[in-house]
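Student: Just dropping this structure here.
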Amino acid sequence: MDFNFSREHQLLRKMMMEFTEREVKPIAAYTDASCEYPKETIEKLFQLGVMGVDVPKKYGGSGADAMAAAIVIEELSKQCASTGDIVATHNGLCCAPIVEHGTQEQKEKYLSMLTKGRKVGAFALTEPNAGSDASKCQTEARLEGDYYVLNGSKIFITNGYVADVIIVFAMTDKSKGTRGISAFLVESSFPGFAVGKHEEKMGLHGSPTAELVFTDCMVPKENLLGQEGKGFKIAMQTLDGGRIGIAAQALGIAEGAMEEAKNYTTGRTQFGKAISQFQNTQFQLADMALGCEAGRLLTYQAAMRKEQGLPYGKEAAMAKLFCSEHAMKTTIKALQMFGGYGYIKDYPIERMMRDAKITEIYEGTSEVQRMVIAGHLGIK
Ligand code: COS
């Protein structure tokens, strides 16, 4: 299969590898231990044009394609999955639906804010009673004059307490089920918007996750994204694309963990030889490499189909499912190779293992990915 890695893709990967080695790797352990949002790194990623990498140039982005967007997340996540997550959410879940469904005015205003304006984006779908079953959203939006008035709350929102622009899904007509959900462009400065609980998570400590609360939040009616009642479709389409980003993130984690395992086992001597010389180690490294290769094929295939305008929901679900499960398996195996050293924070493996877990959960659990794949087989 020709993945069409252009000279631009190769240069982008090189740039991201150098950036990650210089700017991300040295602070990854600190970011995890301190639970601090890596603000300076994100500022530098804005300067590099990575925040909005696949937003058209005329709206302030870098005008790159879906493959480039995946490469960026993969490379960042090799060293710091939190940074990969912040960027994946900003690009895939906030900029992308505006590019896809925004009016000319919305694109000009919000995409320039999210690129040149250096404002961070988020996507708010999940609620306490609407996780995998996203259709059970309770947040309401009532049209009153020139404003939609939003009431309700959203949980587990990535970039939640740093985001300036949030795509929010709310019910405009409860009697219509999924066809009664609409999408809105909400600024954190709008009256009635508040950030609630900051979540303390098992991993991804640098990625800011929060509850968002809407109390008579006044959203100008021109901030409806797409048509009224089309919000669920917008959410599902956005998640199809977002899942390529999470596949790339999980792939990056697995590749990073494999590299750590290779380096450690070649340097560590037990029973008179490097532990990489034991066949058990070699077989496990071979399995890690095999999964990474398969994950690359699935992830790049989904990105390529998206770019070519072909259906890619099934391929994105397969890539996300496979890569996240491979990241989990790889980080657990790699940690075991490190023995006691894997369990302490002097090495990055335990962080990688904690970070890998969420890739099997967010943007659709592994079970949801299987539902999506089964749906494409006509056996829903
Ligand atoms: N693209 C466009 N439209 C889609 C779609 C997609 N990928 N998937 C579903 N739709 C549309 C359907 O065509 C249907 O439209 P009509 O009402 O016009 O017929 C509508 O959405 C409802 O579809 P369906 O009945 O299949 O939806 P379900 O409620 O059964 O949901 C799953 C199916 C489970 C796949 C969906 O709820 C889902 O992806 N859940 C996970 C949500 C998630 O990822 N949460 C994490 C939040 S972000 S961290």
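Derivation of every value follows stated rules applied to the coordinates shown; laboratory data play no part. On a predicted model such as this, the values are computed, not experimentally measured, just so you know. Backbone-built Cβ (ideal geometry, glycine too); neighbour counts: all protein chains shown.
Student: Full extension from ARG268 to THR365: what is 0.36 nm times the residue separation minus their Cα-Cα distance, to one decimal in nm?
Tutor: Contour length minus Cα-Cα distance gives 31.3 nm.
Student: Answer rounded, prolate or oblate for region 184-276, using the Cα gyration tensor with square roots of eigenvalues a ≥ b ≥ c: rounded when a/c is under 1.5, else prolate when a/b is larger than b/c, else oblate.
Tutor: Prolate, because a/c is 1.5 or more and a/b exceeds b/c.
Student: Another one. Under the rule a/c < 1.5 gives rounded, and otherwise a/b versus b/c splits prolate from oblate, where does region 38-136 land using the Cα gyration tensor?
Tutor: oblate
Student: I would also like to ask the following. Return a whole-number percent for the relative contact order of region 1-120, with Cα pairs under 8 Å and 6 or more residues apart as the contact set.
Tutor: Here the relative contact order equals 27 percent.
Student: Further question on the same structure: Where does the chain land at 222 nm, in deg cm²/dmol rounded to the nearest 500, when only DSSP H runs of n ≥ 4 count, each adding -39500 (n - 2.57), divided by all residues?
Tutor: -15500 deg cm²/dmol, from helical runs alone.
Student: I need the shape label for region 107-159. Rule: rounded when a/c is under 1.5, else prolate if a/b > b/c, else oblate, with a, b, c from the alpha carbon gyration tensor.
Tutor: Cα axes put region 107-159 in the oblate bin.
Student: If you take the Cα atoms of the chain, find Rg, then find the Kirkwood Rh from the mean of 1/r over all pairs, what is Rg/Rh?
Tutor: 0.98
Student: Does a label point 7 Å from the Cα of GLU187, set along Cα-to-beta-carbon, have any residues of region 102-126 with amide nitrogen under 20 Å, and which are they?
Tutor: Output list for this probe position: 102-124.
Student: Diagonalise the Cα gyration tensor of region 133-210 and give the resulting equivalent ellipsoid semi-axes, square root of 5 times each eigenvalue, largest first, whole Å.
Tutor: 25, 16, 9
Student: Extension gain ASN280-GLU108, at 0.36 nm per residue separation less the Cα-Cα distance, in nm?
Tutor: Roughly 56.3 nm would be gained on extension.
Student: Given R₀ = 22 Å, what would the calculated FRET efficiency be for ARG22 paired with MET202, taking r from the Cβ atoms and rounding to 0.05?
Tutor: Using R0 = 22 Å, I get an efficiency of 0.20.
Student: What is the Cα radius of gyration of region 229-379 over 2.2 N^0.38 Å, N being its residue count?
Tutor: Rg over 2.2 N^0.38 Å, computed on Cα atoms: 1.18.
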